[in-house]
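One structure below.
The values are calculated or read from the model by the stated rules, or taken from the named source; none is laboratory data. This structure is a prediction, so every number in the text was calculated from the model and none was measured. For neighbour counting, all protein chains shown are included, and Cβ atoms are generated from backbone atoms with ideal geometry for every residue, glycine included. Side chains are part of the model used for accessible areas, which takes the heavy atoms of the whole protein and leaves out ligands, DNA and RNA. Shrake-Rupley method; radii C 1.70, N 1.55, O 1.52, S 1.80 Å.
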Amino acid sequence: MRRVQIYDTLSRETRLLVPITPPKIGLFVCGLTPYDEAHIGHGRTFVTFDVVARALRRWGYRVFYVQNVTNLDDRLIQRGGEEGIDPLVLAERHFAGWTVSMQRLGVRSVNYYPFATDYVPEILAQVRQLVDGGYAYATTGSVYYDVSRFPAYGKLSGQRIEAQRPGTRVPAEPGKRAPEDFVLWKAATPGEPSWESPWGPGRPGWHIEDTAITVRLLGARYDIHGGGLDLKFPHHEAEIAQAEAATGTSPLVNFWMHAGMLNLGGEKMSKSLGNVIRLAETLDACGPDVLRFFYLNAHYRSPLDFVEGKSLEESAEAFGRFIAPYRRLSGLLEREGAERPGAGLPPETAEAADGLVQRLDEVMASDFNSREAIALLFGWVRNVSALPQPFESLEGGALETLLAPYRWSEEVLGLPIRGDGAGASEELAGAVRIALDARRRARERNDYSEADRIRDELRAAGIHVEDRGGTTHWELRAAPE
RNA sequence: GCCAAGGUGGCAGAAUGGUUAAUGCGACGGACUGCAGAUCCGUUUCCUGGGGGUUCGAUUCCCUCCCUUGGCUCCA
């Protein structure tokens, strides 16, 4: 296992990652509340942690990556009411849309997406623990966390509750002893989904689902907790207070990782500001590779400004140059195979490729510096482009040598994105599904000439079809030249 | 007001107690082309917010001020 340095937001220092139970890494990332479509700010956060998981796995860590889905909260209930839909159904519907976008973006490393409502027994058990331990109190059917009972509250964000401005955004709730106390269990309003509890019918508060899920799935203490920087306070602070009080184990996690915000014209992109750019539309417009490249072209902790009409155009130019040699090399290999005869390369070239891959692992192991990795990869683009021999003259092994740094990029950065439909628009993906469905039916009636005709037509259109163990996969590739 | 993260060339955006501060975009010049495009090559020496301090040496460490963004119970 490679030595990995990670910046921890809690201690504000970069430290060596030491797994609690080597080689396992428990990774929890605060997921989404699917009350609306995903925007490109969400994409940045989830691509960030996708790369973290990919890199750690490459280096021999066994990562268990859990990302929760808050499928019931105030916004879902409100939106469901407006649209006349059961909030749980609404959540299900939007989650499906998020999943499609994330797949297109190449986010593949999440092992499990727990839904909050599937963990109500765990949530109730944890609320019970907190009440019994004197960390929480019940009033009028709701249960609140008593922040004054947890002196470490504020250690993550550096906040001191006495310095807080009195809450102006949310009116004081009746029954709360102090404005900073937060709800663990919320008394039901008629017509809302609710569950029976010792305090009456109700539903979970926002913060409690995460800790109920992580204690169950990852234990009282685990390795890495990730999320957007905007969740640091109060959400992550509340998680620490809940979990450490409930389990008596401190710290809850060894590393807090926070992804920087994606800003739009110098402002954070958020639904409340109304300045969102939808993820699905952006993927259609520029293709997922370009967006993923844009994200990874900055350090994950830095704020990243998105400028309409500029950021993606610039990334498209850069990504195009980055990937051009890859497309030519891999195209040759796919058409003619690794056994293709031809000229070899001087041994220095293979050594340089090995050395570069080493360097790439090093810079990524230094707090996941994807920007530095991309800079190094551009050096390789230059070397490969300036090679005196044309690619067509090289033997298969030489082509693989030249591709080695790209293979690293595919594995760790997820660039280019590979897999079913990566890079395709919704319309194209739909058309391919129809074509593949027709092909499947043709194969079922043993009409292989028709099945092959469909496959050849798709191939001519730049869609590569492959049958693997009973299922059919496809991806966009440059059409045969 | 309090807390946090930042301020690097025309733009985006890395890194580092010490030779020319990466990489990309853009721009300019060239190769290729009938032309264009695509691609490739080269150039782009004058860039580290202001002021102090530590040091032989600071963009990097410390102090201070200014500015930007985020958070202060909706947030990825």
Would you check which residues across the stretch A:314-339 are open to solvent by 100 Å² or more (accessible area, probe 1.4 Å) and within 25 Å of the chain's Cα centre (by Cα) and list them? A:314, A:317
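Rundown of residues vs (1) among the β-branched types (Val, Ile, Thr); (2) within 28 Å of residue A:466 (Cβ to Cβ), yes/no style:
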| position | (1), (2) |
| --- | --- |
| A:261 | no, no |
| A:264 | no, no |
| A:302 | no, no |
| A:312 | no, no |
| A:323 | yes, yes |
| A:328 | no, yes |
| A:344 | no, no |
| A:361 | no, no |
What is the residue count in the stretch A:340-365 for residues that are open to solvent by less than 80 Å² (accessible area, probe 1.4 Å) and in contact with an Asp or Glu (Cβ under 7 Å, 6 or more places away or on another chain)? 5
Would you pick out the residues in the stretch A:214-250 that are open to solvent by 40 Å² or more (accessible area, probe 1.4 Å) and either at negative phi or not assigned by TED's automatic domain parsing to the domain that holds residue A:160 (or both)? A:215, A:216, A:217, A:221, A:229, A:230, A:232, A:233, A:234, A:247, A:249, A:250
Evaluate the stretch A:186-205: report whether one residue or more is surrounded by fewer than 19 Cβ atoms within 10 Å (Cβ to Cβ) and part of a helix (DSSP H, G or I). no
Could you list, in sequence order, the residues of the stretch A:380-396 that are open to solvent by 30 Å² or more (accessible area, probe 1.4 Å), part of a helix (DSSP H, G or I) and near RNA strand B (Cβ under 9 Å from one of its atoms)? A:382, A:383, A:385
Would a scan of the stretch A:272-285 turn up a residue that is over 20 Å from residue A:67 (Cα atoms) and within 7 Å of RNA strand B (Cβ to nearest atom)? yes
List the strands (runs of 3 or more DSSP E) that sit entirely inside the stretch A:235-323 and contain at least 3 residues that are within 28 Å of residue A:95 (Cα to Cα), in contact with a helix residue (DSSP H, G or I) (Cβ under 9 Å, 6 or more places away or on another chain) and modelled with pLDDT of 90 or more. A:253-259
When residue A:209 is evaluated against the numbered criteria (1) touching a residue at least 60 places away in the same chain (Cβ under 8 Å); (2) open to solvent by 10 Å² or more (accessible area, probe 1.4 Å); (3) among the charged types (D, E, K, R); (4) within 15 Å of RNA strand B (Cβ to nearest atom), which criterion, by number, is the only one it fails? (2)
Would you say residue A:123 is touching a residue at least 40 places away in the same chain (Cβ under 8 Å) and open to solvent by less than 10 Å² (accessible area, probe 1.4 Å)? yes
Within the stretch A:215-231, how many residues turn out to be closer than 22 Å to residue A:4 by Cβ and either without any contact (Cβ under 8 Å) to a residue 12 or more places away in the chain or charged (D, E, K, R) (or both)? 2
If you take the residues in the stretch A:140-160 that are of a type in the set (A, V, I, L, M, F, W, C) and surrounded by fewer than 21 Cβ atoms within 10 Å (Cβ to Cβ), which one is nearest to RNA strand B (Cβ to nearest atom)? A:150
So which of A:332, A:376, A:399 is in contact with a Lys or Arg (Cβ under 8 Å, 6 or more places away or on another chain) and within 21 Å of residue A:299 (Cβ to Cβ)? A:376
Could you figure out which of (1) in a helix (DSSP H, G or I); (2) within 11 Å of RNA strand B (Cβ to nearest atom); (3) under 30 Å from the mean Cα position of the chain (by Cα) isn't true of residue A:357? (2)
A careful count of residues in the stretch A:281-310 that are within 28 Å of residue A:429 (Cβ to Cβ), aliphatic (A, V, I, L, M) and surrounded by fewer than 18 Cβ atoms within 10 Å (Cβ to Cβ) gives 1
From the option list A:65, A:35, A:113, single residue qualifying as assigned by TED's automatic domain parsing to the domain that holds residue A:239, touching a strand residue (DSSP E or B) at 6+ places or on another chain (Cβ under 7 Å) and open to solvent by 10 Å² or more (accessible area, probe 1.4 Å) is A:113
